[in-house]
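Sharing a structure, written as C-alpha cells. Questions coming.
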Amino acid sequence: MRRSVTLLPVLAAVLLLPACGSEHGGTRSAGPGAATSPYRTRVDDPGTDGVRITAVTIPPASPSPSPSRDHLVHADSLPADSGVFAEYEVTNDGTEAMTYTVLIDFTTGTGEVMSNKWETVRDVGPGRTVRGTVRMGVLPPGASPVARVKVAEVTKVPADEAPPAAGACPPSGIRVTADRGDAAMGLRVVGLHLENCGTRDYTVDGYPRLELLDESREPIEGVRILRGSGGITTLPEWDERPRPVTLKPGESAVSGLVWRNTTQFGTPVDVPYVRVRAKAGADPVTVTPHLDLGTTGKLGVRPWHREQREQSEQPQQP
C-alpha cells in the first residue's frame with residue numbers, strides 16, 4: 001500500500017540519492033530544536049500498515065553555488081547537510097513483537113522520487129509505538145523541489161524471525177540475509193547469504209529450505225520450487241551438483257533465487273515474504289525479496305556454495 005502526503009507550499013529541494021537505510025529499536029528524538037523549528041510542518045497522515053509520517057522539517061533552500069573560475073562547482077562550496085528530515089512513528093497493533101522495514105519517498109509534485117530511504121525498526125512490542133526520524137542529506141545545485149513525502153512500502157516480520165542487524169550474531173551463530181537482487185529483461189535474481197558468526201564450524205549440504213508466504217505470512221500454494229535454474233534460464237553454475245560446505249567462524253556461503261515475472265494467462269503471483277532455513281532443523285529467518293512471479297509459477301534455487309569476496313559486496317536488505 002502507498003499513501004502520499006502533500007506539503008504546501010513547496011519549501012525546498014532534495015538530493016537525488018541511491019537508497020540507503022538506518023535502523024533502531026526504540027524511541028528516537030527528532031533532533032535538536034525540531035519541535036520548535038519554524039520550518040517544521042506537522043502532517044496529518046492516517047498511515048500505512050501502522051507506519052505514518054508525523055512531521056517534516058524543510059528549511060529554505062540555499063542559493064545554488066556559482067561556478068569558480070575554472071567553471072566547476074567544487075565540493076567544498078556545497079552545504080554539508082540540507083537540514084531536511086521527516087519524523088515518523090511505527091505502531092504495532094498486533095499481539096507479537098514485530099520488526100518493520102519501511103521505505104520512505106520524498107517526491108516532487110508530479111510524483112518523481114528525489115530521494116528514498118530505508119528504515120528498519122526492530123522489536124516493536126504489542127501495543128507499542130516507536131518514533132524515529134529520517135534525514136535527506138546534502139542538496140545539490142539545481143535539484144528539483146519536494147512537494148510530497150510518502151510511506152512507499154512497509155514489510156513486517158516476527159521479531160524472532162527477522163534477519164539480524166549488521167554486526168549482530170543470533171544465538172544460533174548463523175546469520176541469514178537476502179540482498180537487493182538484480183533484474184534484467186524480465187529475469188530476477190536475489191542472493192541468499194549465510195554467515196557463520198559463531199564459534200564452531202557449520203556445515204550445509206544442498207539447498208536452503210524455503211516457505212513462500214503471502215502478505216498475512218500464510219503459505220502460498222501453486223508455486224513450484226525447483227532445484228537449480230529449473231529451465232527458467234541458462235545458469236550452468238546453478239545446476240552443478242550440490243556439495244557439502246563447511247564454514248569456519250567468519251566464513252560465508254551463498255545461495256540464490258531466480259524467476260521470471262512474465263505475465264500471460266492466469267493470475268499473477270506475488271510473494272512478499274520467504275521463510276528461509278539454512279538446512280533442515282535450522283532456525284527460520286523471514287526475508288522480504290518481493291518475488292513478482294507473474295504467471296510462471298516457478299522459482300529456481302541455487303545450492304549453497306562458498307561465497308567469494310566480490311559476491312559479499314552485494315547490498316543487503318535492511
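The values are calculated or read from the model by the stated rules, or taken from the named source; none is laboratory data. Quick caveat: nothing in here was measured; it's all calculated off a predicted structure. FYI the Cβ positions are ideal-geometry reconstructions off the backbone, even for glycines, and counts take in every protein chain you see. Just so you know, the surface numbers come from the protein's heavy atoms only, side chains and all, with ligands and any DNA or RNA stripped out. Shrake-Rupley method; radii C 1.70, N 1.55, O 1.52, S 1.80 Å.
Kindly state which strands (runs of 3 or more DSSP E) lie completely within the range 263-306 and contain at least 1 residues that are at negative phi and in contact (Cβ under 8 Å) with a residue 60 or more places away in the chain.
Of the strands (runs of 3 or more DSSP E) lying wholly inside the range 263-306, those with at least 1 residues that are at negative phi and in contact (Cβ under 8 Å) with a residue 60 or more places away in the chain span 273-277, 285-287, 291-294, 298-306.
Residues in the range 247-261: is at least one in a strand (DSSP E or B), surrounded by 13 or more Cβ atoms within 10 Å (Cβ to Cβ), of a type in the set (Val, Ile, Thr) and in contact with a His (Cβ under 7 Å, 6 or more places away or on another chain)?
yes
Something else: Condition first: among the β-branched types (Val, Ile, Thr), open to solvent by 40 Å² or more (accessible area, probe 1.4 Å) and not in a strand (DSSP E or B). Now tell me which residues in the range 95-138 satisfy that.
Once the filter is applied, which keeps residues that are among the β-branched types (Val, Ile, Thr), open to solvent by 40 Å² or more (accessible area, probe 1.4 Å) and not in a strand (DSSP E or B), the range 95-138 yields 95, 110, 138.
Here's something else I'd like to know. Determine which single condition residue 191 fails, assuming it passes every other condition in (1) closer than 26 Å to residue 238 by Cβ; (2) within 16 Å of the chain's Cα centre (by Cα); (3) open to solvent by 40 Å² or more (accessible area, probe 1.4 Å).
Among (1) closer than 26 Å to residue 238 by Cβ; (2) within 16 Å of the chain's Cα centre (by Cα); (3) open to solvent by 40 Å² or more (accessible area, probe 1.4 Å), residue 191 violates only (3).
For the range 222-263, which residues satisfy the criterion of being of a type outside the set (A, V, I, L, M) and touching a helix residue (DSSP H, G or I) at 6+ places or on another chain (Cβ under 9 Å)?
227, 228, 229, 230, 252, 256
Just checking, which of 152, 168 is of a type in the set (A, V, I, L, M), within 23 Å of residue 113 (Cβ to Cβ) and surrounded by fewer than 21 Cβ atoms within 10 Å (Cβ to Cβ)?
The conditions single out 152.
Anything in the range 171-188 that is part of a strand (DSSP E or B) and open to solvent by less than 20 Å² (accessible area, probe 1.4 Å)? List them, or say none.
Residues satisfying the conditions are 174, 176, 177, 178, 179.
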